[in-house]
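Written out below as structure tokens is the structure these notes cover.
The values are calculated or read from the model by the stated rules, or taken from the named source; none is laboratory data. If you're wondering where the values come from, they're calculated on a predicted model, not measured in any experiment. Here Cβ is always computed from backbone atoms with ideal geometry, including for glycine, and neighbour counts include all displayed protein chains.
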Number of protein chains: 2
Amino acid sequence: MKKLMNEKTQFVADMLKGIKIMDNSVDVISDNVIVRSKLKTKGVALVSGGGSGHEPAHAGFVADGMLDAAVCGEVFTSPTPDKILDAIKHVATEEGVLLIIKNYAGDVMNFEMAQEMAEMEGISCQSVIVRDDISIDNEQDRRGVAGTVLVHKYAGYLSDNGYNLADIKEKVEAFIEKVKTIGMAIYPCLVPTTGQYGFDLEDDQMEIGIGIHGERGIYQEKIEPIPGIIKRLMNELEKEISEKSLIVMINGMGATPDSELAIVANYFNEYVNEKGFDIKKYFVGNYMTALDMQGFSITLVPYDQEYLDAFNAPTVSKYFK
Amino acid sequence: MKKLMNEKTQFVADMLKGIKIMDNSVDVISDNVIVRSKLKTKGVALVSGGGSGHEPAHAGFVADGMLDAAVCGEVFTSPTPDKILDAIKHVATEEGVLLIIKNYAGDVMNFEMAQEMAEMEGISCQSVIVRDDISIDNEQDRRGVAGTVLVHKYAGYLSDNGYNLADIKEKVEAFIEKVKTIGMAIYPCLVPTTGQYGFDLEDDQMEIGIGIHGERGIYQEKIEPIPGIIKRLMNELEKEISEKSLIVMINGMGATPDSELAIVANYFNEYVNEKGFDIKKYFVGNYMTALDMQGFSITLVPYDQEYLDAFNAPTVSKYFK
């Protein structure tokens, strides 16, 4: 296996130390927890995380305007409840803590256990579960993917604007209902801890409906020029969203070059122009990745001026751009 | 060949249209030229470019505080003199234009021809040639690589601070003498126009001394844990730079995940701490890439307060971070 790393058992710990070197506005308080150096003293604190391998998520979004802490498990592995509790206790304010959880069995179990432990220690703690991946039919089983980053930003905006914990939870849950994502890949990721590729894919095939943990997609298909791929993904998204006025995130899966993400943006824009959509804002880049997977996802949010204000509000995260 | 694209002949044109969709502060004035939407009316204008495939360079650095125009040739192919001249004429101010050229035969020839054509049309035009790649022994043959992005930033700072064309050229040339880079790769890039990989590399090998056009490195070696790779690269850089106080850029080659760049940063920092270096600033990310190559380069600049001020000065480019 070829990776730019040292010991595989130290992959996440080494990465977090590197993030601290790159960004002096955060601190690493354990091998798995990254927090703002200047803690928030008022407003609801926001904690997210999950397995590592999705960089810049989640550590890159620990910043004024977004998260207060990220709990970074081993690669593609949920962090343990005690680490999540460490993060909650470190950043908690009197207004309480909201946990933003991606819908994976391990994450939900461990974050909810940490939530209970925090409540037993007298910390007011609530959680929301992101389920934006429409490639899964059953809505309760839908995974949390790139749309989670927009949830971080929206929740950060609400916290900065003085909403209380119950109101933030309610507004964020209404938002989560509206965020829809679908992804695809042309090359799998190589997982540093196992030395194995997430899946095998023939030289002329693509995966549609991938998750972000190196797992197979829902189906394989012969690769097409990008306009055909966009049409295929949008056909699925349009079953979920009837609004014509949208906010869009085109998210690279980690090893997709900027040139190809720009080409995706170009043909996406051609498609929506032809279909009469009105795009209020584009996010294009790497937000929620799967190590060195090549591919992208499209996230759609129906336009709402409050959402747009939230996304346009300042954050010091250099990854939310 | 698997790429997220449509027609290979339209790769660069499609990419530039996509960049415009992502960033409303630039305009595309031809298939190959990207300029600021709000042109500078005073101060020396800065034009750079070369072959495409190095994104976010150069188009991503067309922004207040950095470049006024980027001329984006086909993938790994120098733009023609007439395109470069179009860019010069579009952004020229009364104070003149500085061309920032990477040292490749085609780029030097075509940019210098455009410079002559501009001068014949009465535009005051000068050029500088970046040669930061120390993997080539002969200094005159050294290629321009990641350090070029720091040249863009320094020149932009000088222009914004009112230096005239002759002074900027002199100061930038002195800066270029001090910027030193060396790179490595563990996987080659797949070139969309040819469908070929830049080189073949065995499953346990790495390339040391790579350029940014998919070409082989200076030598191949069995891959090592990252501390050994850093020592190997720093041994070369320390032959060139004797100062202990440095500014550092760790540049991803396009498909290197953020997690691995952070791990590189961590072990680089361990190395320099042990050796008694004092690092004044780190840049870590994708600045000057080679499509989907996996690897990184290290660029060192001896500390100088003016350089640090220049790098810390604001720019609206979201890629200079």
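Number of residues in region B:28-67 that are within 21 Å of residue B:129 (Cβ to Cβ) and crowded, with 24+ Cβ neighbours inside 10 Å equals 18. Condition check for residue A:208 on (1) more than 20 Å from the chain's Cα centre (by Cα); (2) touching a residue at least 40 places away in the same chain (Cβ under 8 Å); (3) within 14 Å of chain B (Cβ to nearest Cβ); (4) surrounded by fewer than 22 Cβ atoms within 10 Å (Cβ to Cβ): one failure, at (1).
Residues A:255, A:262, A:290: which one is crowded, with 24+ Cβ neighbours inside 10 Å, in contact with a helix residue (DSSP H, G or I) (Cβ under 7 Å, 6 or more places away or on another chain) and either within 23 Å of residue B:290 (Cα to Cα) or not assigned by TED's automatic domain parsing to the domain that holds residue A:211 (or both)? Spell out the reasoning first.
Working: A:255 fails: in contact with a helix residue (DSSP H, G or I) (Cβ under 7 Å, 6 or more places away or on another chain); A:290 fails: in contact with a helix residue (DSSP H, G or I) (Cβ under 7 Å, 6 or more places away or on another chain).
On inspection, the qualifying residue turns out to be A:262.
Kindly indicate whether residue A:314 is touching a Gly at 6+ places or on another chain (Cβ under 7 Å) and farther than 24 Å from residue B:191 by Cβ. Yes: the conditions hold for residue A:314. Would you check if there is a residue in region A:230-242 being among the basic types (Lys, Arg), over 21 Å from residue A:144 (Cβ atoms) and at pLDDT 95 or above? Yes, that holds for at least one residue. Beta carbons closer than 7 Å, at least 6 apart along the sequence or on distinct chains, pair a first residue in region A:214-240 that is within 10 Å of chain B (Cβ to nearest Cβ) with a second that is polar (S, T, N, Q) for A:223/A:205; A:225/B:6; A:226/B:6; A:227/B:6. Just the residues that are assigned to a loop (DSSP other than H, G, I, E, B) and in contact with a Gly (Cβ under 6 Å, 6 or more places away or on another chain), please, taken from region A:28-55. Scanning region A:28-55 gives a single hit, A:44.
Filtering region B:26-42 to residues that are at pLDDT 95 or above and among the polar types (S, T, N, Q) leaves B:32, B:37. The residues of region A:12-27 that are more than 7 Å from every other protein chain (Cβ to nearest Cβ), surrounded by fewer than 22 Cβ atoms within 10 Å (Cβ to Cβ) and in a helix (DSSP H, G or I), listed by number, are A:13, A:20. When residue A:270 is tested against (1) farther than 17 Å from residue B:14 by Cα; (2) within 12 Å of chain B (Cβ to nearest Cβ), exactly one condition is not met: (1). Return a yes/no flag: does region B:46-53 have any residue that is at the interface with chain A (Cβ under 9 Å from one of its Cβ atoms) and either out of contact with any strand residue (DSSP E or B) (no Cβ under 7 Å at 6 or more places or on another chain) or within 26 Å of residue B:251 (Cα to Cα) (or both). Yes, some residue in region B:46-53 is at the interface with chain A (Cβ under 9 Å from one of its Cβ atoms) and either out of contact with any strand residue (DSSP E or B) (no Cβ under 7 Å at 6 or more places or on another chain) or within 26 Å of residue B:251 (Cα to Cα) (or both). Within region B:268-287, being assigned to a loop (DSSP other than H, G, I, E, B) and surrounded by fewer than 22 Cβ atoms within 10 Å (Cβ to Cβ) holds for B:275, B:276, B:277.
Exactly one residue among B:84, B:100 is assigned to a helix (DSSP H, G or I), under 22 Å from residue B:288 (Cα atoms) and of a type in the set (Val, Ile, Thr), and that residue is B:84.
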